[in-house]
Amino acid sequence: MHTLTVPVRVDLTHYQAGVIVFQCFDDRFFHLFERLMETLGKEGRDESVYIDRVITAGGAKDLAADGTPEQSSLMGQIAKSVKLHHTKSIVAITHEDCGAYGEEAKYGSDCQKQFLFHIARHREIEAAMLARYPEFAGKVRHFYLSINGAI
């Protein structure tokens, strides 16, 4: 076993999260995700905005999967983020060509149909989150990542 020593100082002060973000683990979209987080950070009113990141296949996809263990797990992450970090908002992200949605969401590479599919899914995601956490009404932001950027 190797030990990695990194000369970086980590602030262990307990923090409050400005947002909990659900993102996919698909590395093709990581650079877009990072740019999006940078942009959202600049929008923050508090200069010390922290992000609780939930990285899973499909990103926010399974938040709308009623009654599944996946949905329960993701909803539990919201509860923990609120309890531990007093989270103020939620960002739900999905992306084009997502394998977690399967072939049904690719529409033969028709970008417009994929986008419309994801808009419908994001409506379901928000409805499911607000049914469980109504205190986030008006505090949920949705993003769809495509090769053209964040929408």
Subject >> Neighbourhood charge, 11 Å Cβ-Cβ cut-off, centred on PHE115 and excluding it, Lys, Arg +1 and Asp, Glu -1 >> reply: 0
Original post:
What value, in deg cm²/dmol to 500, does the helix sum -39500 (n - 2.57) over DSSP H runs of n ≥ 4 give at 222 nm once divided by the residues of the chain?
Top reply: -12000 deg cm²/dmol
**OP:** With an 8 Å cut-off on Cα pairs and a minimum separation of 6 or more residues, tell me the relative contact order of the chain in percent.
**Re:** 29 percent
Original post:
Just the projected area, averaged over all directions, of the convex hull on the alpha carbon atoms of region 90-133: how many nm²?
Top reply: 3.2 nm²
Original post:
Per residue, how many Å² of accessible area does the chain show with a 1.4 Å probe?
Top reply: 63 Å²
Subject >> Residue pairs, from the table LYS80/LYS106; LYS61/LYS88; LYS88/LYS113, whose Cα atoms sit over 30 Å apart >> reply: LYS80/LYS106; LYS88/LYS113
Subject >> Whole-percent carbon and sulfur share, accessible surface of the chain, 1.4 Å >> reply: 55 percent
Original post:
Tell me, what are the semi-axes, in whole angstrom and largest first, of the equivalent ellipsoid of the chain as set by the roots of 5 times the Cα gyration tensor eigenvalues?
Top reply: 26, 20, 16
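The values are calculated or read from the model by the stated rules, or taken from the named source; none is laboratory data. This structure is a prediction, so every number in the text was calculated from the model and none was measured. Glycine also receives a Cβ, built like all others from the backbone with ideal geometry; neighbour counts cover every protein chain displayed. The protein model used for the area step is the full one, side chains on, heavy atoms only, and it has no ligands, DNA or RNA in it. Shrake-Rupley method; radii C 1.70, N 1.55, O 1.52, S 1.80 Å.
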